[in-house]
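*Asks:* The structure is given below, and queries will be raised subsequently.
The values are calculated or read from the model by the stated rules, or taken from the named source; none is laboratory data. Nothing here was measured: the structure is a model prediction, and the numbers come from that model. For neighbour counting, all protein chains shown are included, and Cβ atoms are generated from backbone atoms with ideal geometry for every residue, glycine included. Quick note on the areas: whole protein, heavy atoms, side chains included, nothing else; ligands and nucleic acids left out. Shrake-Rupley method; radii C 1.70, N 1.55, O 1.52, S 1.80 Å.
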Amino acid sequence: MVDLQSQYQKIKDVVNTSIEEVLNSSAYINGPYVKEFQADLENYLNVKHVIPCANGTDALQIAMMGLGLEPGDEVITVDFTFAATVEVIGLLQLTPVLVDVELDTFNINIEALKKAITPKTKAIVPVHLFGQCANMETIIAIAKEHNLFVIEDNAQAIGADYTFSDGTVKKAGTIGHVGTTSFFPSKNLGCYGDGGAIFTNDDELAHTLRGVVNHGMYKRYYHDVVGVNSRLDSIQAAVLKAKLPNLDAYCDARRKAAAFYSNAFKSDKNIVTPVISDFTTHVFHQYTLRITNGKRDALHKHLLDNNIPNAIYYPVPLHAQKAYKDDRYNEKDFEVTNQLINEVISLPMHTELDTEQQGFISQTILNFLN
Ligand SMILES: Cc1ncc(COP(=O)(O)O)c(C=O)c1O
């Protein structure tokens, strides 16, 4: 699905030199590269505070801890996402409230979101799924009206731009009260291990978050709040600092690959290609099709039989997962997610795809479906 090796070969010199520097300095934790990467990312995202941490799941958890969410508080998020989003809600004994998504963009359905708000609701977690932003302008307006926090799960859309109706443009993850991301190796900005970060423009919240990531310490060995140990290590920061200048080019390469696929599939009546909302750019963390003739599973197998990697993101809705099942949920509220799990298929998507590979992949799909 990804080709991290070929990408590494192109940046090998700078990455190796940076890692060697960390090894020679022995500053493995909180070394200069962590601060430098943090500053570079603040600059890139045009956000006041980036708080690096150990992974994208921790980033979500720390954001919720930093906002002071308490057991019993309801947090609304989507039924169609990676489990990490709901996992941390459960872990903190908050109450997850899952809502359906839109059939075309796979992002949160605004009407379902509005319907899910109760007096106990404290936060909304929109997930910018597969690389494009949810409808943030509307979400922010709803949150203001009901006095709710907005935590953007931006693990999949770092680098995407969101345009407000007044023309203001903001980077994904910097729009809500707080945003989170993952630097898992296959992400658009991935390191060579685990990594994550939290973004905010709120000085007070940033201060709280910096304590929470570090055992609740604001002064060494004085623990003011219950915290966690969640650090981005210096080697990962060195890799990320080396890769960040390429992020826009990486997103462009993904967009180009997506355009090739979409053009190849454009006249096939059994395939729905990705739909991009007009308020967001798409950075194609995943290139995900909908196969509408009931042959998705057969196609999945056929491609694997032909050594073409592909994946079903996601095969089970969160409301139906053993860990998150709840009598509160009603199947009719998840009509779209229940449809998507049977239709979606994600194709190889990375910065090193060439048109020969893509031609072979798309022709194999077209031949099979017709
Ligand atoms: C939407 C979403 N949220 C959160 C995460 C968690 O990130 P990590 O794997 O770095 O913990 C992921 C990672 O795949 C993700 O896709």
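*Asks:* R0 = 22 Å: FRET efficiency of LEU23 with SER186, Cβ-based, nearest 0.05?
*Replies:* 0.30
*Asks:* Need the list of lysines near LYS295 for cross-linking: C-alpha distance under 17 angstrom, and skip anything on the same chain fewer than eight residues off.
*Replies:* Of all the lysines, those that pass the test against LYS295 - Cα under 17 Å, at least 8 places apart if same chain - are LYS269.
*Asks:* Let me ask another. Report relative contact order for region 1-88 in percent, whole number only (criteria: Cα-Cα under 8 Å, sequence separation at least 6).
*Replies:* Relative contact order of region 1-88: 18 percent.
*Asks:* Give me the net charge for the shell around ASP203: Cβ to Cβ below 15 angstrom, other residues only, Lys and Arg +1, Asp and Glu -1.
*Replies:* Around ASP203, the charge tally is -1.
*Asks:* Taking the highest mean first, how do the peptides 92-100, 41-49 order by number of other beta carbon atoms within 10 angstrom per residue?
*Replies:* Highest-to-lowest ranking by the protection proxy: 92-100, 41-49.
*Asks:* Let me ask another. Measuring with a 1.4 Å probe in the full set of protein chains, what accessible area per residue, in whole Å², belongs to region 247-369?
*Replies:* 49
*Asks:* All other residues with a Cβ under 12 Å from the Cβ of ALA253 taken together, and with Lys, Arg as +1 and Asp, Glu as -1, what is their net charge?
*Replies:* Surrounding charge for ALA253 is -1.
*Asks:* Stick to the Cα atoms of region 1-121, pair each with every other, and give me the Kirkwood hydrodynamic radius in Å at one decimal.
*Replies:* Averaging 1/r across every pair of different Cα atoms and inverting gives 17.9 Å.
*Asks:* Report, for the chain, the % of DSSP beta bridges that are antiparallel, rounded to 5.
*Replies:* 60
*Asks:* Largest first, how would ARG220, ARG254, ARG328 line up by accessible area (1.4 Å probe)?
*Replies:* ARG220, ARG328, ARG254
*Asks:* Roughly how many nanometres apart are two label points built 7 Å out from the Cα toward the Cβ at ASN293 and LEU103?
*Replies:* Each label point lies 7 Å from its Cα, and together they span 1.9 nm.
*Asks:* Roughly how many percent of the accessible protein surface of region 247-369 is carbon and sulfur, given a 1.4 Å probe and a whole-percent answer?
*Replies:* Carbon and sulfur together cover 50 percent of it.
*Asks:* Just to be sure I understand the model, the point goes 7 Å from the Cα along the line to the Cβ. What's the resulting ASN342 to ALA83 distance in nm?
*Replies:* 2.4
*Asks:* Moving on. Ratio of alpha-carbon Rg to the 2.2 N^0.38 Å globular estimate for region 246-325, to two decimals, please.
*Replies:* Taking the Cα Rg and dividing by 2.2 N^0.38 Å, one obtains 1.30.
*Asks:* How long are the semi-axes of the equivalent ellipsoid of the chain, defined as square roots of 5 times the Cα gyration tensor eigenvalues? Whole Å, largest first.
*Replies:* Square roots of five times the eigenvalues give 32, 28, 17 Å.
*Asks:* Another question about this same structure. If you roll a 1.4 Å probe over the heavy atoms of the protein chains, what accessible area per residue do you get for region 4-245, in Å²?
*Replies:* Value for region 4-245: 41 Å² per residue.
*Asks:* Now for a separate question. Name the residue, out of GLU87, GLU102, GLU204, whose mean-square fluctuation peaks in a Gaussian network model built on the chain with Cα pairs under 10 Å.
*Replies:* In the Gaussian network model the winner is GLU204.
*Asks:* Moving to a separate point now. Kindly rank 308-317, 351-360, 286-295 from highest to lowest mean number of other beta carbons found within 10 Å of each residue.
*Replies:* Highest mean packing first, the order is 286-295, 308-317, 351-360.
*Asks:* Could you give the length gained on full extension between ASP203 and ASP161, defined as 0.36 nm per residue of separation minus the Cα-Cα distance, in nm?
*Replies:* 12.8 nm
*Asks:* Which value in nm describes the separation of the simple spin-label points at ALA249 and TYR222, placed 7 Å from the Cα toward the beta carbon?
*Replies:* Rounded to a tenth, the inter-label distance reads 4.7 nm.
*Asks:* Then there is this: Specify the residue with the greatest mean-square fluctuation among GLU111, GLU145, GLU70, computed from a Gaussian network of the chain linking alpha-carbon atoms under 10 Å apart.
*Replies:* Its mean-square fluctuation being the largest, the pick is GLU145.
*Asks:* Then there's this: Applying 1/(1 + (r/R0)^6) with R0 = 35 Å to the Cβ-Cβ distance of ASP13 and LYS325, what FRET efficiency is obtained, to the nearest 0.05?
*Replies:* 0.10
*Asks:* Which percent of the accessible heavy-atom area of region 4-245 goes to carbon and sulfur, probe 1.4 angstrom?
*Replies:* 51
*Asks:* Separate question: Just need the relative contact order of region 128-200 here, percent rounded to a whole number, with Cα pairs under 8 Å and 6+ apart.
*Replies:* 27
*Asks:* Here's something else I'd like to know. Sequence neighbours fewer than 8 away in the same chain don't count; with that in mind, list the lysines whose C-alpha is under 27 Å from LYS170.
*Replies:* LYS35, LYS48, LYS114, LYS122, LYS144, LYS187, LYS241, LYS243, LYS256
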